[in-house]
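Below is one structure; the comments refer to it alone.
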Amino acid sequence: MFKYANRYGDVYTFTKQEDGSVLWEGGFKYCRIGWPNVYKKAYQQYCKDVGSKGMLPMHIEDFKKDVHEMIYNENHEYVGPSGCAQYSHLVYSDTNTIDMVDASGGPYISTHMNLGERFDSEELKGLCVSGFTPVETGYLISTYNEYDHLEDRDIIGGII
């Protein structure tokens, strides 16, 4: 078990479970949670519109940035929305999936965060966050190993 005290003195415990998940317990009375944005419908409509003009669409990762971007002039005054802002109404949050938990006073934990590095903990070393499930005493953090992406694959040359 790893204990963490935040800037208000609230203590949270992190207990690694047999299945590799981590039970995060403590006081979550004042807490923010976040949900991931879903861009599928917005990006599909953008691709359809751009394709109908005979142009190639930008990559989805560039679209995700552009759809939220605002344009400012050299005096840092707002000029208007980006070129893809017209699709922003099609972007929505997946409220069935938690990708960030921010307890008042800390800690802030989000998906893909390495818990061992975040807390400088040997117990949690190499565990990266894949998601959160609310439980009665806090959250069950689903994890993956920081090197899972390097597992043996059927690729030419392989990784040694």
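Values quoted throughout were computed directly from the atomic coordinates according to the rules given, and no laboratory measurement underlies them. Predicted model, so just to flag it, every value in this text is computed and none were measured. Cβ: placed from backbone, ideal geometry, glycine included. Neighbour counts: every protein chain shown.
Figures for the structure shown
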| item | result |
| --- | --- |
| Among Val91, Pro134, Tyr30 - extreme Cα towards positive end, dipole of the chain, charges at beta-carbon | Val91 |
| Equivalent ellipsoid dimensions for the chain as semi-axes, Å, which come from the Cα gyration tensor, largest first | 36, 24, 15 |
| Under DSSP loop assignment and at most 16 Cβ neighbours within 10 Å, longest trypsin sites (Lys or Arg not before Pro)-free interval of the chain | 54-124 |
| If the convex hull is drawn through the Cα atoms of the range 1-45, its volume per residue in Å³ | 128 |
| Computed log₁₀ I(q)/I(0) - Debye formula, equal Cα scatterers, no solvent, the range 37-93, q 0.14, 0.17, 0.22, 0.27 Å⁻¹ | -0.40, -0.56, -0.83, -1.06 |
| Separation of the Asn73 and Lys48 label points, Cα + 7 Å toward Cβ, nm | 3.7 |
| Candidates Ser142, Ser82, Ser52, ranked by Gaussian network fluctuation over the chain, Cα under 10 Å, top entry | Ser52 |
| Sites Gln17 and Asp62 - FRET efficiency at Förster radius 35 Å, r taken between beta-carbons, to 0.05 | 0.35 |
